[in-house]
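Remarks on the structure that follows.
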Amino acid sequence: MAKKSATQAPLTPAVLHILLSLSTGERHGYGIMKQVQADAQGKVKMGPGTLYGSIGRMIEAGLVRESDKRVDPEMDDERRIYYELTRAGRAALEAELKRYRGVVAVAEGRFAYGH
Amino acid sequence: MATDPTGRRYRAWYARLLRLYPRPFRERFGEGMAQTFHDLRREHRDAGRGLYGLALWTFFETSVAIVRENITHMSRLGTTMLRVALGALAVLMVPLVASQFVEDWNWPVGAFVRVYFLFFGTGMVFALVARRMGAWSYKAGVGVALLAGFALGWSTMVQTADSGHPERLWFLSVLVVGFIGTCLARLKARGLALTLFAMAATLALIAVVLPSGAPPYLARNMAIGHGVFVALFTASGLLFRHASLAGLK
């Protein structure tokens, strides 16, 4: 039930950005943060509290899962937990993007007719 | 790891701040959060930016998240308590209704109240212990152990009262072994597996050594009953062993 509603309800900006950052592959916490920053062109700054709080709720909703704990060769020798999208997470992202496209289409139509 | 003293100090402070999270959250994400803070700090240091602003922002942002998570945690705890209370009430209906139909079952009101709190306590132990761990085998192990322990304690008390053989209270020592083992294991799956195997062995030993004093037909039923309890404790131990091998040390 939670999983179904998670794919249907509008997502919070933090959840949307995390899903988007994981859409191209699994990442650890810092990696997600950097990807979110890059995707939002620096306009969204997510701290560890928001990031891990959102990840906790997303795991419970079945949108993401822990995939592995390993060393990131580009960083240091510390082992990091990686997160990845689930099928429900990908479906939620696609549903949200479809919703956004619908909203944009309505808005563009209104502006085109000067309403 | 942080190599500079300032970085180490900030990381230690941040680790202290993370202790304010509810325990389940902290155990799951605390390490990752500390690591992420360390990565952010290193990024700032390498870019030649000051750490003070980063620390202030991160500590404030995390503090807000801590308040939010604690509110959520308390609200969930309240919901859990309500569910367990209603569940215990539903289970209490069984002896309550049965006592209306079974002769010589004349519990006073106080006995029903005590039994209700016993059900409620057992349910809360399951809810609080089982939700700490994600593994299905750990949850199932807790459920089977509590169910078997509860049934053994209950049947021992009833049989002792009915038969007038106080030596049967020796069977309660199985629960004492379980309690001591659980404390020593600190709820770790591996230790709990050993505890449940020890409980099964203790029960089997008592059942063999202690004369039942019951007529043969009843003694056979009692032996079967003890066999079922030994099997349940062993099954619970195997479930904890499975959880231990799956990574829940």
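The values are calculated or read from the model by the stated rules, or taken from the named source; none is laboratory data. Keep in mind the model is a prediction, meaning the values are calculated, not measured. Because the Cβ atoms are built from the backbone with ideal geometry, glycine has one as well, and the counts that use them run over all protein chains shown. These accessible areas exclude ligands, DNA and RNA; they are computed on the full protein's heavy atoms, side chains included. Shrake-Rupley method; radii C 1.70, N 1.55, O 1.52, S 1.80 Å.
If you take the residues of the stretch B:78-90 that are among the hydrophobic types (A, V, I, L, M, F, W, C) and exposed (fewer than 14 other Cβ atoms within 10 Å of the Cβ), which of them is farthest from residue B:112 (Cα to Cα)?
Let us first name the residues in the stretch B:78-90 that are among the hydrophobic types (A, V, I, L, M, F, W, C), namely B:81-82, B:84-86, B:88-90.
The next check asks that each one be exposed (fewer than 14 other Cβ atoms within 10 Å of the Cβ); those that pass are B:82, B:86, B:89-90.
Numbers: B:82: 19, B:86: 15, B:89: 10, B:90: 13 Å.
This residue is B:82.
Mind counting the residues in the stretch A:53-65 that are over 16 Å from residue B:36 (Cα atoms) and either within 10 Å of chain B (Cβ to nearest Cβ) or not charged (D, E, K, R) (or both)?
7
Filter the stretch B:25-68 for residues that are within 37 Å of the chain's Cα centre (by Cα), touching a residue at least 40 places away in the same chain (Cβ under 8 Å) and open to solvent by 20 Å² or more (accessible area, probe 1.4 Å) and give the result.
Of everything in the stretch B:25-68, those that are within 37 Å of the chain's Cα centre (by Cα), touching a residue at least 40 places away in the same chain (Cβ under 8 Å) and open to solvent by 20 Å² or more (accessible area, probe 1.4 Å) turn out to be B:25, B:27, B:59, B:63.
For the stretch A:71-94, which residues satisfy the criterion of being away from chain B (no Cβ under 13 Å) and either at pLDDT 85 or above or part of a strand (DSSP E or B) (or both)?
Passing the criteria: A:84, A:85, A:86, A:87, A:88, A:89, A:90, A:91, A:92, A:93, A:94.
Being within 14 Å of chain A (Cβ to nearest Cβ) and under 29 Å from the mean Cα position of the chain (by Cα) narrows it down to one residue among B:88, B:135, B:130; which is it?
B:135
Residues of the stretch B:1-42 being part of a loop (DSSP other than H, G, I, E, B), under 21 Å from residue B:72 (Cα atoms) and of a type outside the set (Ser, Thr, Tyr), which ones?
If the condition is that a residue be part of a loop (DSSP other than H, G, I, E, B), under 21 Å from residue B:72 (Cα atoms) and of a type outside the set (Ser, Thr, Tyr), then B:19, B:20, B:22 are the ones that fit.
Mind checking whether some residue in the stretch B:111-122 is on the phi > 0 side of the Ramachandran plot and either open to solvent by 70 Å² or more (accessible area, probe 1.4 Å) or in contact (Cβ under 8 Å) with a residue 12 or more places away in the chain (or both)?
Applying the first criterion (on the phi > 0 side of the Ramachandran plot) to the stretch B:111-122 yields none.
No, there is no match, as no residue in the stretch B:111-122 is on the phi > 0 side of the Ramachandran plot and either open to solvent by 70 Å² or more (accessible area, probe 1.4 Å) or in contact (Cβ under 8 Å) with a residue 12 or more places away in the chain (or both).
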